[in-house]
Amino acid sequence: MSEKFLGQSFDIHGGGQDLTFPHHENEIAQSEACNNKKFANFWMHNGFLSIEGEKMSKSLGNFITINDLKNNHQGEVIRFNMMLTHYRQPLNWTEKSLQDSKKTLDKWYKILDKHDHTLTRKNELISDKILNALADDVNTPQAIAELHQLYKVASDGDIKALESFYNSCQFLGILTSDYNSWNSWKSKTNDIDENLINKLIEKRNEARNAKDFAEADRIRDELLDMDVILEDRDNKTTWKLK
């Protein structure tokens, strides 16, 4: 498959750390023995993901998708939070870490708004230290640390540092909104009534226990009209926004 779409040799091969042995080592042995060429130039194995200290799994009910997260958090917050951990290291995803990331970006957006009239946004000055960090096996934690240092210098009124800070953030995919749009963002959960949803789910469960499946289906459709999707698994009903 890889030979068909990428050729006998290609640049980057990725996967989880649990695939290093035996899967990836076997790939190398088979492909290089067959073609007498280096199989992949760079191997990128990501660390494991846990949620609030527990391994993420559907059986534990702590399975989260990016689309689920985007209902409650700005995309830049999610991106920034992920970059705080090197991709090869274990990542413990917590609500507190998301809140801390939001606070940092709030602070960074404020300095851009404060100096908006002085930012030219015309040059493409990006910090060499940040580029060097990214060139070192995509060391995003080090890049973020360098951004914090740039922010400190920019806070003292150094316009060149502010330009470098802004462009470096843009390069990493953050601070891409304007200040007003950032502050006006609201999560979908701000517009829903969780108590009502839980009451409807309780009524639906009662209908199912009474084998009144028509009523249970009606309530499911009512919730679906509210952009609420139900998942029944292991005698437990969970919900998420569409």
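Some points to look at:
- Residues in the range 15-31 that are more than 14 Å from Arg88 (Cα to Cα) and surrounded by 14 or more Cβ atoms within 10 Å (Cβ to Cβ): His24, Glu27, Ile28, Ser31.
- Residue tally, condition at pLDDT 90 or above, open to solvent by 30 Å² or more (accessible area, probe 1.4 Å) and among the hydroxyl-bearing types (Ser, Thr, Tyr), over the range 112-131: 0
- Scoring Cys34 on the criteria (1) free of Cβ contacts under 8 Å to residues at least 12 places away in the same chain; (2) surrounded by 12 or more Cβ atoms within 10 Å (Cβ to Cβ) leaves a single failure, condition (2).
- Considering residues of the range 91-105 that are touching a residue at least 40 places away in the same chain (Cβ under 8 Å) and of a type outside the set (Val, Ile, Thr) only, the residue nearest to Ala135 (Cα to Cα): Leu91
- The set of residues in the range 60-75 being assigned to a loop (DSSP other than H, G, I, E, B) and either in contact with a helix residue (DSSP H, G or I) (Cβ under 8 Å, 6 or more places away or on another chain) or crowded, with 17+ Cβ neighbours inside 10 Å (or both) consists of Asn71, Asn72, His73, Gln74.
- Of all the numbered requirements in (1) at pLDDT below 90; (2) open to solvent by 30 Å² or more (accessible area, probe 1.4 Å), Ser177 misses one, and that requirement is (1).
- Thr189 vs. criteria modelled with pLDDT of 90 or more, within 23 Å of Leu105 (Cβ to Cβ) and open to solvent by less than 70 Å² (accessible area, probe 1.4 Å): no
- When Ile51, Ile78, Ile12 are checked against the criterion of being of a type in the set (Val, Ile, Thr), touching a residue at least 12 places away in the same chain (Cβ under 8 Å) and open to solvent by 60 Å² or more (accessible area, probe 1.4 Å), Ile12 stands alone in meeting it.
- Ile201, sole failed condition from (1) farther than 20 Å from Phe63 by Cβ; (2) of a type outside the set (D, E, K, R); (3) at pLDDT 90 or above: (1)
- Qualifying positions in the range 1-25 - part of a helix (DSSP H, G or I) and either under 22 Å from the mean Cα position of the chain (by Cα) or not polar (S, T, N, Q) (or both): Glu3, Lys4, Phe5, Leu6, Gln17, Asp18, Leu19, Phe21, Pro22, His23, His24, Glu25
- Criterion applied to Trp93, Trp182 was being more than 30 Å from Trp43 (Cβ to Cβ), under 19 Å from the mean Cα position of the chain (by Cα) and not acidic (Asp, Glu), and the one residue passing it is Trp182.
- Of all residues in the range 219-242, none satisfies the criterion of being open to solvent by 60 Å² or more (accessible area, probe 1.4 Å), assigned to a strand (DSSP E or B) and aliphatic (A, V, I, L, M).
- The set of residues in the range 132-161 being of a type in the set (Gly, Ala, Ser) and either modelled with pLDDT of 95 or more or open to solvent by 60 Å² or more (accessible area, probe 1.4 Å) (or both) consists of Ala133, Ala135, Ala143, Ala145.
- Matching residues, the range 37-48, being exposed (fewer than 14 other Cβ atoms within 10 Å of the Cβ) and farther than 24 Å from Leu91 by Cβ: Lys37, Lys38, Asn41
- Scope the range 177-229; condition within 30 Å of Phe80 (Cβ to Cβ), free of Cβ contacts under 8 Å to residues at least 40 places away in the same chain and in contact with a Leu (Cβ under 8 Å, 6 or more places away or on another chain); matching residues: Asp227, Val228, Ile229
- Condition met for Arg88 (in contact (Cβ under 8 Å) with a residue 60 or more places away in the chain and in a loop (DSSP other than H, G, I, E, B)): yes
The values are calculated or read from the model by the stated rules, or taken from the named source; none is laboratory data. In this text, all values refer to a predicted model and were calculated from it rather than measured experimentally. Because the Cβ atoms are built from the backbone with ideal geometry, glycine has one as well, and the counts that use them run over all protein chains shown. Note: areas computed on protein heavy atoms with side chains; ligands, DNA, RNA excluded. Shrake-Rupley method; radii C 1.70, N 1.55, O 1.52, S 1.80 Å.
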